[in-house]
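Data first, discussion second: the structure below is written as C-alpha coordinates.
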Amino acid sequence: MNAAPNLSMNAMTDLPSPTLDSASTVASDAGADPSRGAPLIDVRDLRKRFGEVEVLRGIDLQIARSEVVCIIGPSGSGKSTLLRCLAALETYDQGDVRIEGELLGYSERNGRRVRASQGEINRVRRNVGMVFQQFNLWPHMTALGNVMEALLRVRHLSRDEARRRAHAMLETVGLAHKADAYPARLSGGQQQRVAIARALAMEPHIMLFDEPTSALDPELVGEVLQVMKQLARDGMTMAVVTHEMGFAAQVADKVVFIDQGRIAAQGAPREVFHDAGQPRLQQFLQNYFDRNAFWARGNDDAAPL
Ligand SMILES: Nc1ncnc2c1ncn2[C@@H]1O[C@H](COP(=O)(O)OP(=O)(O)OP(=O)(O)O)[C@@H](O)[C@H]1O
Ligand SMILES: [Mg+2]
(Lines give C-alpha, C1' and ligand atoms only; values in the text may rest on other atoms or scores of the structure.)
(Ligands and ions follow the chains in the order given, each with its own letter.)
Protein backbone atom coordinates (compact mmCIF):
# COMPACT_ATOMS: atom_id res chain seq x y z
CA MET A 1 0.00 0.00 0.00
CA ASN A 2 1.41 3.37 -0.92
CA ALA A 3 1.82 5.56 2.16
CA ALA A 4 1.91 8.61 -0.16
CA PRO A 5 4.22 10.70 2.00
CA ASN A 6 4.54 13.35 -0.68
CA LEU A 7 2.16 16.09 0.36
CA SER A 8 2.61 17.98 -2.85
CA MET A 9 1.37 14.90 -4.60
CA ASN A 10 -1.50 14.57 -2.19
CA ALA A 11 -2.57 17.98 -3.35
CA MET A 12 -2.59 16.55 -6.85
CA THR A 13 -5.45 14.28 -5.94
CA ASP A 14 -7.59 17.40 -5.65
CA LEU A 15 -6.97 18.08 -9.28
CA PRO A 16 -9.14 16.21 -11.73
CA SER A 17 -7.12 14.90 -14.65
CA PRO A 18 -7.00 17.36 -17.51
CA THR A 19 -8.62 16.80 -20.83
CA LEU A 20 -5.73 17.92 -22.91
CA ASP A 21 -7.33 17.07 -26.21
CA SER A 22 -9.93 19.79 -25.84
CA ALA A 23 -9.83 22.23 -28.73
CA SER A 24 -11.20 25.23 -26.84
CA THR A 25 -8.74 28.03 -26.18
CA VAL A 26 -8.32 29.68 -22.82
CA ALA A 27 -9.00 33.37 -22.98
CA SER A 28 -5.65 35.12 -22.85
CA ASP A 29 -7.07 38.55 -22.11
CA ALA A 30 -9.20 37.75 -19.09
CA GLY A 31 -8.99 40.83 -16.87
CA ALA A 32 -9.66 41.14 -13.15
CA ASP A 33 -13.18 40.58 -11.89
CA PRO A 34 -14.77 44.04 -12.14
CA SER A 35 -16.87 43.39 -9.02
CA ARG A 36 -13.67 43.53 -6.96
CA GLY A 37 -12.98 47.17 -7.84
CA ALA A 38 -9.81 48.73 -9.23
CA PRO A 39 -6.94 46.26 -9.51
CA LEU A 40 -4.44 46.25 -6.69
CA ILE A 41 -1.75 45.45 -9.20
CA ASP A 42 -2.08 46.62 -12.76
CA VAL A 43 0.60 45.63 -15.24
CA ARG A 44 0.45 46.93 -18.81
CA ASP A 45 2.75 45.91 -21.65
CA LEU A 46 5.61 45.16 -19.25
CA ARG A 47 8.90 44.60 -21.03
CA LYS A 48 12.26 43.70 -19.58
CA ARG A 49 15.52 42.71 -21.20
CA PHE A 50 18.77 41.35 -19.87
CA GLY A 51 21.31 42.47 -22.45
CA GLU A 52 20.19 41.24 -25.83
CA VAL A 53 17.50 38.95 -24.49
CA GLU A 54 13.99 40.25 -23.93
CA VAL A 55 12.71 38.08 -21.06
CA LEU A 56 9.37 39.85 -20.52
CA ARG A 57 7.73 40.62 -23.82
CA GLY A 58 4.60 42.62 -23.15
CA ILE A 59 2.90 41.30 -20.01
CA ASP A 60 -0.61 42.53 -19.20
CA LEU A 61 -1.86 41.39 -15.82
CA GLN A 62 -4.40 42.70 -13.38
CA ILE A 63 -4.70 41.40 -9.84
CA ALA A 64 -7.79 42.44 -7.93
CA ARG A 65 -8.05 42.84 -4.18
CA SER A 66 -8.31 39.44 -2.44
CA GLU A 67 -7.59 37.67 -5.69
CA VAL A 68 -5.18 34.71 -5.74
CA VAL A 69 -3.26 34.42 -8.99
CA CYS A 70 -1.05 31.40 -9.59
CA ILE A 71 1.67 31.78 -12.19
CA ILE A 72 2.90 28.66 -13.93
CA GLY A 73 5.22 28.08 -16.84
CA PRO A 74 8.44 26.44 -17.99
CA SER A 75 11.83 27.22 -16.50
CA GLY A 76 13.29 30.43 -17.86
CA SER A 77 9.94 31.77 -19.08
CA GLY A 78 10.21 34.91 -16.92
CA LYS A 79 8.08 34.10 -13.86
CA SER A 80 10.62 35.22 -11.26
CA THR A 81 11.54 38.28 -13.29
CA LEU A 82 7.88 39.28 -13.40
CA LEU A 83 7.48 38.95 -9.62
CA ARG A 84 10.74 40.78 -9.05
CA CYS A 85 9.51 43.65 -11.22
CA LEU A 86 6.32 43.81 -9.12
CA ALA A 87 8.43 44.08 -5.97
CA ALA A 88 10.83 46.62 -7.53
CA LEU A 89 13.71 44.19 -7.06
CA GLU A 90 14.26 44.49 -10.78
CA THR A 91 13.86 47.53 -13.01
CA TYR A 92 11.74 47.27 -16.14
CA ASP A 93 12.33 48.86 -19.50
CA GLN A 94 8.88 49.58 -20.83
CA GLY A 95 5.25 49.50 -19.83
CA ASP A 96 3.56 50.26 -16.52
CA VAL A 97 3.52 48.55 -13.16
CA ARG A 98 0.94 50.21 -10.94
CA ILE A 99 0.42 49.27 -7.33
CA GLU A 100 -2.81 50.55 -5.87
CA GLY A 101 -2.89 53.04 -8.73
CA GLU A 102 0.65 54.34 -8.26
CA LEU A 103 3.35 53.89 -10.91
CA LEU A 104 6.25 51.81 -9.56
CA GLY A 105 9.84 52.66 -10.40
CA TYR A 106 9.25 55.80 -12.41
CA SER A 107 7.74 59.22 -11.95
CA GLU A 108 6.28 61.41 -14.60
CA ARG A 109 7.79 64.86 -14.86
CA ASN A 110 6.69 67.35 -17.50
CA GLY A 111 5.22 64.50 -19.50
CA ARG A 112 8.53 62.58 -19.39
CA ARG A 113 9.23 59.43 -17.47
CA VAL A 114 12.19 59.52 -15.10
CA ARG A 115 13.51 56.89 -12.72
CA ALA A 116 11.98 57.41 -9.30
CA SER A 117 14.15 57.95 -6.25
CA GLN A 118 14.74 54.97 -3.96
CA GLY A 119 12.59 56.65 -1.32
CA GLU A 120 9.73 57.00 -3.78
CA ILE A 121 10.12 53.38 -4.93
CA ASN A 122 10.07 52.19 -1.31
CA ARG A 123 6.94 54.22 -0.65
CA VAL A 124 5.04 52.72 -3.61
CA ARG A 125 6.09 49.14 -2.82
CA ARG A 126 5.68 49.39 0.95
CA ASN A 127 2.55 47.24 0.84
CA VAL A 128 4.10 44.48 -1.25
CA GLY A 129 5.47 41.48 0.65
CA MET A 130 7.62 38.83 -0.95
CA VAL A 131 8.57 35.28 -0.03
CA PHE A 132 11.33 33.48 -1.93
CA GLN A 133 12.26 29.87 -2.53
CA GLN A 134 15.26 30.34 -0.23
CA PHE A 135 14.04 31.63 3.10
CA ASN A 136 16.99 33.98 3.73
CA LEU A 137 16.58 34.08 7.51
CA TRP A 138 19.32 35.58 9.64
CA PRO A 139 21.11 32.57 11.16
CA HIS A 140 22.19 34.51 14.28
CA MET A 141 18.65 35.59 15.16
CA THR A 142 15.82 33.57 16.63
CA ALA A 143 12.56 33.10 14.74
CA LEU A 144 11.13 35.98 16.76
CA GLY A 145 14.21 38.13 16.11
CA ASN A 146 13.94 37.49 12.37
CA VAL A 147 10.32 38.63 12.31
CA MET A 148 11.04 41.64 14.54
CA GLU A 149 14.02 42.92 12.57
CA ALA A 150 12.27 44.87 9.81
CA LEU A 151 9.63 46.09 12.26
CA LEU A 152 12.41 47.74 14.26
CA ARG A 153 14.59 48.95 11.40
CA VAL A 154 12.07 49.79 8.69
CA ARG A 155 8.87 50.47 10.60
CA HIS A 156 10.67 51.91 13.65
CA LEU A 157 8.32 50.23 16.11
CA SER A 158 9.27 50.11 19.77
CA ARG A 159 10.82 46.79 20.89
CA ASP A 160 7.69 45.91 22.85
CA GLU A 161 5.38 46.64 19.95
CA ALA A 162 7.64 44.78 17.48
CA ARG A 163 7.80 41.77 19.81
CA ARG A 164 4.04 41.73 20.25
CA ARG A 165 3.38 41.89 16.51
CA ALA A 166 6.09 39.34 15.69
CA HIS A 167 4.59 36.92 18.22
CA ALA A 168 1.15 37.36 16.69
CA MET A 169 2.58 36.65 13.22
CA LEU A 170 4.36 33.51 14.39
CA GLU A 171 1.07 32.40 15.86
CA THR A 172 -0.61 32.96 12.49
CA VAL A 173 1.81 30.51 10.87
CA GLY A 174 1.54 28.06 13.76
CA LEU A 175 5.01 28.66 15.17
CA ALA A 176 4.49 30.59 18.40
CA HIS A 177 6.15 27.73 20.24
CA LYS A 178 9.31 28.14 18.14
CA ALA A 179 9.75 31.87 18.80
CA ASP A 180 13.09 31.37 20.55
CA ALA A 181 14.51 28.80 18.14
CA TYR A 182 17.34 29.67 15.76
CA PRO A 183 16.89 28.82 12.04
CA ALA A 184 19.40 25.96 12.22
CA ARG A 185 17.06 24.25 14.68
CA LEU A 186 14.02 24.65 12.43
CA SER A 187 12.95 22.42 9.56
CA GLY A 188 12.81 23.89 6.07
CA GLY A 189 9.02 24.12 6.30
CA GLN A 190 9.24 25.92 9.63
CA GLN A 191 11.89 28.30 8.27
CA GLN A 192 9.67 29.11 5.32
CA ARG A 193 6.75 29.76 7.67
CA VAL A 194 8.97 32.17 9.65
CA ALA A 195 9.79 33.89 6.35
CA ILE A 196 6.06 34.19 5.65
CA ALA A 197 5.48 35.58 9.17
CA ARG A 198 8.28 38.09 8.57
CA ALA A 199 6.62 39.31 5.38
CA LEU A 200 3.15 39.37 6.98
CA ALA A 201 4.44 41.43 9.92
CA MET A 202 4.86 44.36 7.54
CA GLU A 203 1.08 44.27 6.94
CA PRO A 204 1.31 43.94 3.15
CA HIS A 205 -1.71 44.41 0.93
CA ILE A 206 -0.35 41.82 -1.48
CA MET A 207 1.97 38.87 -0.98
CA LEU A 208 4.19 37.62 -3.80
CA PHE A 209 5.49 34.07 -3.49
CA ASP A 210 8.22 32.74 -5.77
CA GLU A 211 8.16 28.94 -5.59
CA PRO A 212 7.89 28.97 -1.80
CA THR A 213 7.88 25.19 -1.52
CA SER A 214 10.42 24.22 -4.18
CA ALA A 215 13.37 24.00 -1.79
CA LEU A 216 11.46 21.84 0.69
CA ASP A 217 11.53 18.12 1.26
CA PRO A 218 8.22 16.73 -0.05
CA GLU A 219 6.84 15.95 3.40
CA LEU A 220 7.27 19.61 4.44
CA VAL A 221 5.46 21.13 1.46
CA GLY A 222 1.98 20.64 2.90
CA GLU A 223 2.48 22.71 6.05
CA VAL A 224 3.57 25.74 3.99
CA LEU A 225 0.71 25.32 1.52
CA GLN A 226 -1.71 25.12 4.47
CA VAL A 227 -0.50 28.51 5.74
CA MET A 228 -0.89 29.95 2.25
CA LYS A 229 -4.39 28.50 1.88
CA GLN A 230 -5.37 30.09 5.19
CA LEU A 231 -4.00 33.43 4.01
CA ALA A 232 -6.08 33.13 0.85
CA ARG A 233 -9.19 32.30 2.91
CA ASP A 234 -8.50 35.36 5.06
CA GLY A 235 -8.67 37.49 1.92
CA MET A 236 -4.99 38.19 1.27
CA THR A 237 -4.23 39.22 -2.30
CA MET A 238 -1.59 36.84 -3.59
CA ALA A 239 0.51 36.16 -6.67
CA VAL A 240 2.15 32.75 -6.42
CA VAL A 241 4.70 31.28 -8.81
CA THR A 242 4.31 27.58 -8.21
CA HIS A 243 4.69 24.10 -9.57
CA GLU A 244 2.05 22.86 -7.14
CA MET A 245 -0.79 22.36 -9.61
CA GLY A 246 -3.06 20.94 -6.94
CA PHE A 247 -2.67 24.11 -4.90
CA ALA A 248 -3.29 26.23 -8.00
CA ALA A 249 -6.39 24.22 -8.87
CA GLN A 250 -7.79 24.50 -5.34
CA VAL A 251 -6.85 28.03 -4.32
CA ALA A 252 -6.32 30.21 -7.40
CA ASP A 253 -8.99 32.51 -8.72
CA LYS A 254 -6.90 32.80 -11.84
CA VAL A 255 -4.07 30.74 -13.30
CA VAL A 256 -1.62 32.49 -15.58
CA PHE A 257 0.59 30.49 -17.93
CA ILE A 258 3.76 32.30 -18.96
CA ASP A 259 5.77 31.08 -21.88
CA GLN A 260 8.84 32.79 -23.37
CA GLY A 261 8.11 36.08 -21.63
CA ARG A 262 4.46 36.31 -22.62
CA ILE A 263 1.20 35.33 -21.01
CA ALA A 264 0.16 32.53 -23.30
CA ALA A 265 -3.04 31.66 -21.42
CA GLN A 266 -4.94 32.74 -18.35
CA GLY A 267 -8.26 32.01 -16.78
CA ALA A 268 -10.00 30.15 -13.98
CA PRO A 269 -8.14 26.96 -12.98
CA ARG A 270 -10.82 24.79 -14.54
CA GLU A 271 -10.45 26.57 -17.88
CA VAL A 272 -6.67 26.49 -17.87
CA PHE A 273 -6.27 22.91 -16.67
CA HIS A 274 -9.16 21.33 -18.51
CA ASP A 275 -9.59 23.31 -21.68
CA ALA A 276 -5.96 23.89 -22.46
CA GLY A 277 -6.29 24.42 -26.18
CA GLN A 278 -2.95 26.22 -26.33
CA PRO A 279 -0.34 23.72 -27.57
CA ARG A 280 2.52 25.00 -25.35
CA LEU A 281 0.25 24.86 -22.30
CA GLN A 282 -0.87 21.35 -23.23
CA GLN A 283 2.74 20.30 -23.52
CA PHE A 284 3.68 21.93 -20.20
CA LEU A 285 0.81 20.29 -18.34
CA GLN A 286 1.41 16.95 -20.02
CA ASN A 287 5.06 17.01 -18.92
CA TYR A 288 3.93 17.87 -15.42
CA PHE A 289 1.43 15.02 -15.22
CA ASP A 290 3.85 12.55 -16.80
CA ARG A 291 6.50 13.48 -14.24
CA ASN A 292 4.09 13.09 -11.33
CA ALA A 293 2.75 9.83 -12.67
CA PHE A 294 6.34 8.65 -12.78
CA TRP A 295 6.97 9.67 -9.17
CA ALA A 296 3.68 8.18 -8.03
CA ARG A 297 4.77 4.86 -9.54
CA GLY A 298 8.18 5.32 -7.92
CA ASN A 299 6.52 5.70 -4.53
CA ASP A 300 4.46 2.59 -5.07
CA ASP A 301 7.58 0.64 -5.91
CA ALA A 302 9.42 2.00 -2.91
CA ALA A 303 6.58 1.35 -0.48
CA PRO A 304 7.20 -1.46 2.00
CA LEU A 305 5.19 -4.59 1.26
N1 LIG B 1 20.02 38.94 -13.58
C2 LIG B 1 19.93 38.33 -14.77
N3 LIG B 1 20.83 38.57 -15.73
C4 LIG B 1 20.74 37.98 -16.95
N5 LIG B 1 19.75 37.13 -17.30
C6 LIG B 1 18.83 36.85 -16.37
C7 LIG B 1 18.86 37.42 -15.06
N8 LIG B 1 17.79 36.96 -14.36
C9 LIG B 1 17.14 36.14 -15.19
N10 LIG B 1 17.74 36.07 -16.39
C11 LIG B 1 17.27 35.30 -17.55
O12 LIG B 1 15.93 35.67 -17.81
C13 LIG B 1 15.16 34.56 -18.21
C14 LIG B 1 13.96 34.43 -17.28
O15 LIG B 1 14.44 34.08 -15.99
P16 LIG B 1 13.46 33.84 -14.75
O17 LIG B 1 14.32 33.59 -13.58
O18 LIG B 1 12.50 34.97 -14.67
O19 LIG B 1 12.69 32.53 -15.21
P20 LIG B 1 11.68 31.61 -14.39
O21 LIG B 1 10.47 31.47 -15.23
O22 LIG B 1 11.52 32.15 -13.02
O23 LIG B 1 12.45 30.21 -14.37
P24 LIG B 1 12.48 29.07 -13.22
O25 LIG B 1 11.19 28.30 -13.35
O26 LIG B 1 13.67 28.24 -13.61
O27 LIG B 1 12.66 29.75 -11.90
C28 LIG B 1 16.09 33.36 -18.18
O29 LIG B 1 16.56 33.14 -19.48
C30 LIG B 1 17.22 33.81 -17.29
O31 LIG B 1 18.42 33.18 -17.62
MG1 LIG C 1 12.00 31.41 -11.12
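The values are calculated or read from the model by the stated rules, or taken from the named source; none is laboratory data. Bear in mind that the values here come from a model prediction, so they are computed numbers and not experimental data. Every residue, glycine as well, gets a Cβ built from its backbone with ideal geometry; the counts of neighbours run over all protein chains shown. Ligands, DNA and RNA are stripped out before the accessible areas are found, and what is left, the full protein with its side chains, is counted by its heavy atoms. Shrake-Rupley method; radii C 1.70, N 1.55, O 1.52, S 1.80 Å.
The gain in end-to-end length when the HIS205 to ARG291 segment is fully stretched comes to 27.4 nm, 0.36 nm per residue minus the alpha carbon separation.
Note that the stretch 141-147 has calculated 3J(HN,Hα) couplings of 10, 5, 4, 4, x, 4, 6 Hz, one per residue in order, obtained from phi through the Karplus relation 6.51 cos²θ - 1.76 cosθ + 1.60 (θ = phi - 60°); glycine and proline are x.
Here's how it looks for ALA87: its modeled amide H is under 5 Å from none belonging to a residue 5 or more places away or on a different chain. Proximity of backbone amide H atoms, modeled 1.01 Å from N, is registered between GLN62 and ALA32, VAL43 at under 5 Å, excluding neighbours fewer than 5 places apart on the same chain.
Across the stretch 148-222, the relative contact order, built from alpha-carbon pairs under 8 Å that are at least six residues apart, equals 32 percent. Sorted on the mean count of surrounding Cβ atoms within 10 Å across their residues, most packed first, peptides 51-59, 71-79 read 71-79, 51-59. A simple packing score, the average count of other Cβ atoms within 10 Å per residue, orders the peptides 150-161, 261-272, 236-247 as 236-247, 261-272, 150-161, with the highest score first. Taking all Cα pairs closer than 8 Å and separated by 6 or more residues, the relative contact order of the stretch 92-165 comes to 16 percent. Derived scalar couplings between HN and Hα for the stretch 207-214 equal 10, 9, 10, 10, 6, x, 10, 5 Hz in order, rounded to whole Hz, by the Karplus curve 6.51 cos²θ - 1.76 cosθ + 1.60 (θ = phi - 60°), x for Gly and Pro. Taking amide H as placed 1.01 Å from N in the peptide plane, PHE209 has its amide H under 5 Å from the amide H of VAL131, ALA239, VAL240, VAL241, each at least 5 places away in sequence or on another chain. Note on LYS229: lysines with a C-alpha under 20 Å away, same-chain residues under 8 apart excluded, are LYS254. Among THR142, THR91, the order of accessible area from largest down is THR91, THR142, computed with a 1.4 Å probe on protein heavy atoms.
Applying 0.36 nm per residue to the separation of GLU108 and SER187 and subtracting their alpha-carbon distance, the gain on full extension is 23.8 nm. Positive-end ranking of PRO279, SER214, ALA252 along the dipole of the stretch 193-300, with charges on Cβ about the Cα centre, is headed by PRO279.
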